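The values are calculated or read from the model by the stated rules, or taken from the named source; none is laboratory data. Only a predicted model underlies this, so the values are computations on that prediction, with no experimental measurement involved. No Cβ is skipped: glycine too gets one built from the backbone with ideal geometry, and neighbour counts run over all protein chains shown. Surface accessibility is based on the protein's heavy atoms, side chains included, excluding ligands, DNA and RNA. Shrake-Rupley method; radii C 1.70, N 1.55, O 1.52, S 1.80 Å.
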Amino acid sequence: MGQGGFITLVNGTNAPWLRSSQNSYQMNNWDFPELILPYSSARIYVEWNQNIFHTQKDDNGQVVYEMKAPGLAAPRTLSIDASANPSFNISAAANFATQTMQPNAVVNLGWSHNGNLTLVLAGDAGGFPFMTGDNVGAWMLRSIDRIGQKTLAEIAIPGAHDAGMSTLGSPTAFSHSCNTQTQTLDIADQLQQGVRYFDIRPVIGGGEYYTGHYSQIDIKVYDGWQGARGQKISDVVSQINEFALNSNELIIVDLSHAYDTDAGNGGYTDFTADQWNGLLAEFKGIQNLYTNSAQGLPDFTKMTISGLIPIASQVIVIVRSDLAGIDLGNTFYPGSCLATYNEYSGTNDLGTMVSDQLSKMKAQKGAGAYFLLSWTLTQSNAEALCFLDPTGSTDSILDLASEANQALAPDLVPALTAQAFPNIVYVDDIQDSLQTMMALYVNELLSATAAYAFQSAAFPAAYIRMDGQGVTAPVGAGAGTVNAQIDAGPWEEFHLVPQGDGTFAIQSAEWGNVSIRLDGSVAGDQKTVNCQFGVGPWEVFRLKPVGGEYFAIQSVAFPTLYLALDTEGATSPNGSGVGMVYGTTDLGPKSQFKLVLS
């Protein structure tokens with residue numbers, strides 16, 4: 001027996017990861033998948049050996065993945081290593097340069113007993129992708145080729161919940177760090193970790209403006225407010241200015257829940273218009289405020305990133321108050337300029353929160369909303385009394401944040417599609433670049449244009465071919481032709497389009513929005529495979545590894561069926577294709593393929 005935990009590997013590149021080697025010594029569990037497909041993830045259980053008859057510091061393991069991309073003289077490699085000397089640690093290294101790291105730079109992921117570590121690689125496998133461990137302080141500028149022409153509603157950015165609450169000042173009687181502190185890093189460090197959306201809840205305390213975190217308690221024995229002040233607003237302004245001076249990033253400050261705590265604990269009051277104007281006078285100290293030069297109010301969600309930050313950092317300040325008399329001028333903006341779906345789950349149960357947020361993401365993005373993924377857990381009433389627990393074992397806000405954040409990659413990645421994704425990845429207790437790497441993964445997924453050929457294992461010169469001429473609308477029985485071809489050209493190139501839960505549609509790179517279709521309802525051993533416009537249940541597949549770099553293409557609607565290719569003796573190309581592609585229950589060589597990046 002020994003300590004165990006999980007590692008989630010997130011492949012946000014356009015190349016499959018093929019396991020080229022794996023070895024371990026004294027590890028109870030060190031078994032990684034042979035293949036991790038593009039824009040997917042794998043969660044691996046790892047267990048050390050703490051047998052008293054073993055020398056624990058000798059525990060070690062290594063796995064190496066290869067990535068092949070056009071134009072590379074040799075495959076690139078990514079290694080993941082386990083070492084127990086001097087303490088348990090998982091590390092990773094790539095033999096190529098990433099955005100800010102040199103080849104073979106070692107990234108220490110640490111260890112989390114019964115928890116989850118995440119390693120993300122996102123970007124062009126043949127270029128300089130982002131990798132966990134990269135400096136993400138300038139991630140927007142560094143990925144401008146991916147996001148520049150996209151609108152704010154078409155990308156993801158990381159966000160901090162109660163961003164100013166890394167410190168506690170003037171707490172009320174029942175306010176303690178365990179039930180009030182939401183962040184460990186201050187605004188300056190959050191900016192360096194890539195955060196671009198800041199939830200700021202201003203308060204007045206002692207006649208000055210602060211960030212704050214307060215809740216009204218209304219129970220039989222008590223009716224009043226509990227909470228504390230965080231960073232001073234003047235410090236928030238200074239830290240934003242210092243960061244923006246030498247960067248070219250978009251920063252959004254969202255102001256809400258504004259209370260005058262000088263009004264007395266029995267009745268904190270909302271800001272008056274004059275108090276709001278006093279607050280905005282401090283925010284006017286930001287040197288890079290976005291200025292609206294057009295007539296009418298902007299809709300920031302419809303503006304492109306390059307348009308928002310053409311030459312320097314810009315700071316958008318949103319004021320979520322409808323109170324008359326607030327002087328917004330042309331540098332502050334009402335909530336309607338960033339209309340956001342923002343509904344937290346209100347639970348301390350991880351599974352409930354995950355299910356709730358992913359359901360909301362699918363529904364709200366489908367309805368065209370600008371969606372904030374509130375990946376946060378809320379203390380129960382009993383947990384809010386954590387300061388009374390002499391053992392310190394009651395979950396604090398930061399404890400719950402650790403649980404939620406460790407689940408971010410393994411639970412979010414499989415649910416992502418081009419139609420269901422977060423615009424803001426919003427978390428408590430930002431400690432590193434995890435939330436930024438997840439936003440980068442989303443943006444890479446949404447920008448994916450890679451084309452692949454499906455090479456037959458049984459007939460290595462043959463590839464799946466599609467003729468989608470005339471397929472411009474859905475047809476009940478499908479249309480067009482899917483067969484085989486010797487060698488790969490434009491009609492043999494496809495896009496993998498994620499459909500959630502690790503499934504894909506296989507869409508032609510030549511014929512827009514035309515997918516491979518498998519009809520398992522027809523009689524006979526060889527089921528019909530043809531084309532369909534768009535994606536329905538019969539156009540969704542799972543790529544199932546079968547050994548080495550090969551996989552089977554399994555129907556989701558008919559899970560006992562796989563695509564198969566037979567050239568029927570053809571050895572040279574033919575203008576109308578050769579052989580046939582069909583559905584079968586036989587998982588032999590004819591049903592096995594290799595993914596070739598075109």
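Give, in nm to one decimal, the length gained when the segment between S393 and N114 is fully stretched (0.36 nm per residue of separation minus the Cα-Cα distance).
Separation in residues times 0.36 nm, less the Cα-Cα distance, equals 98.8 nm.
Just the number: Rg to Rh for the stretch 212-343, Cα atoms, Kirkwood Rh, two decimals.
1.02
Structure shown: which of K150/K362; K150/K360; K302/K594; K302/K360 lie over 32 Å apart, alpha-carbon to alpha-carbon?
K302/K594
Using the beta-carbon distance between N135 and A263 and R0 = 51 Å, what value does 1/(1 + (r/R0)^6) give for FRET efficiency, to the nearest 0.05?
So the FRET efficiency works out to roughly 0.70.
Taking the 0 to 90 degree range and rounding to the nearest ten, how far is the long axis of helix 273-283 tilted relative to the main principal axis of the chain, both from C-alpha atoms?
With both axes taken from Cα atoms, the answer is about 60 degrees.
Give, as ranges by residue number, the residues of the stretch 118-140 whose backbone N falls under 17 Å from the point 7 Å along Cα→Cβ of V106.
133-134
What does the charge count around T261 come to, taking other residues whose C-beta lies under 14 Å from its C-beta (Lys +1, Arg +1, Asp -1, Glu -1)?
-1
In the stretch 537-577, which residues have a backbone nitrogen under 13 Å from the label point lying 7 Å from T585's Cα in the Cα-to-Cβ direction?
Hits in the stretch 537-577 for T585 at 13 Å: 559-562.
If I fit a long axis through the Cα atoms of helix 434-447 and take the longest principal axis of the Cα atoms of the chain, what angle between them do I get, 0 to 90°, rounded to 10?
That helix lies at roughly 50 degrees to the long axis.
Please find the FRET efficiency linking S238 to S355, where r is the Cβ-Cβ separation and R0 is fixed at 45 Å, and quote it to the nearest 0.05.
Efficiency computed from Cβ-Cβ geometry: 0.65.
Take the Cβ-Cβ distance between D58 and N513 as r, set R0 to 60 Å, and report the resulting FRET efficiency rounded to the nearest 0.05.
The formula returns an efficiency of 0.60 here.
Please identify the cysteines of the chain that lack any partner cysteine with a Cβ under 4.7 Å from their own Cβ.
C337, C531
Taking all pairs of distinct Cα atoms, average 1/r, flip it, and tell me the Kirkwood hydrodynamic radius of the stretch 333-421 in Å to one decimal place.
Computed over the stretch 333-421, the radius equals 14.5 Å.
Note down the net charge around C178, summing +1 for each Lys or Arg and -1 for each Asp or Glu among other residues with Cβ under 10 Å from its Cβ.
Its environment carries a net charge of -4.
Compute the whole-percent fraction of alpha carbon pairs in the stretch 401-486 spaced more than 17 Å apart.
That tail contains 66 percent of the Cα-Cα pairs.
Heavy-atom accessible area of T132 with all protein chains present, probe 1.4 Å, nearest 10 Å²?
Probe radius 1.4 Å; accessible area of T132 about 20 Å².
Only bridges with both residues in the chain count here: give the DSSP antiparallel percent, nearest 5.
Roughly 75 percent of the DSSP beta bridges within the chain come out antiparallel.
Excluding M466 itself, what net charge comes from residues whose Cβ is under 11 Å from its Cβ, given Lys and Arg +1 and Asp and Glu -1?
-2
Using only DSSP helix segments of four residues or longer, with each worth -39500 (n - 2.57), what per-residue ellipticity at 222 nm results for the chain after dividing by its residue count and rounding to 500?
Dividing the helical sum by the residues of the chain leaves -4000 deg cm²/dmol.
Using a ≥ b ≥ c from the Cα gyration tensor of the stretch 456-598 (square roots of the eigenvalues), is it rounded, prolate or oblate, where a/c under 1.5 gives rounded and otherwise the larger of a/b and b/c decides, a/b for prolate?
rounded
Using a/c under 1.5 as the rounded threshold, could you call the stretch 222-285 rounded, prolate or oblate? The axes a ≥ b ≥ c are square roots of the C-alpha gyration tensor eigenvalues, and prolate needs a/b larger than b/c, oblate otherwise.
Judged from the Cα gyration tensor, the stretch 222-285 comes out prolate (a/c at least 1.5, a/b above b/c).
Rounded, prolate or oblate: which fits the stretch 528-598 when a ≥ b ≥ c are the square roots of the eigenvalues of the alpha-carbon gyration tensor, with rounded for a/c under 1.5 and prolate only if a/b beats b/c?
Cα axes put the stretch 528-598 in the oblate bin.
Along the Cα→Cβ direction, 7 angstrom out, place labels at Q50 and D299. What is the inter-label distance in nm?
Reported label-point gap for Q50 and D299 is 5.6 nm.
Along Cα→Cβ, 7 Å out, is where each label goes; now give me the distance between the ones at T472 and D501 in nm to one decimal.
Distance between label points: 3.5 nm.
Gain in length, Q22 to A273, computed as 0.36 nm per residue apart minus the alpha-carbon separation, to one decimal in nm?
Contour length minus the Cα-Cα distance gives 83.9 nm.
Please determine, in degrees from 0 to 90 and to the nearest 10, the orientation of helix 397-406 with respect to the longest principal axis defined by the Cα atoms of the chain, where the helix direction is its Cα long axis.
Tilt of helix 397-406: around 10 degrees.
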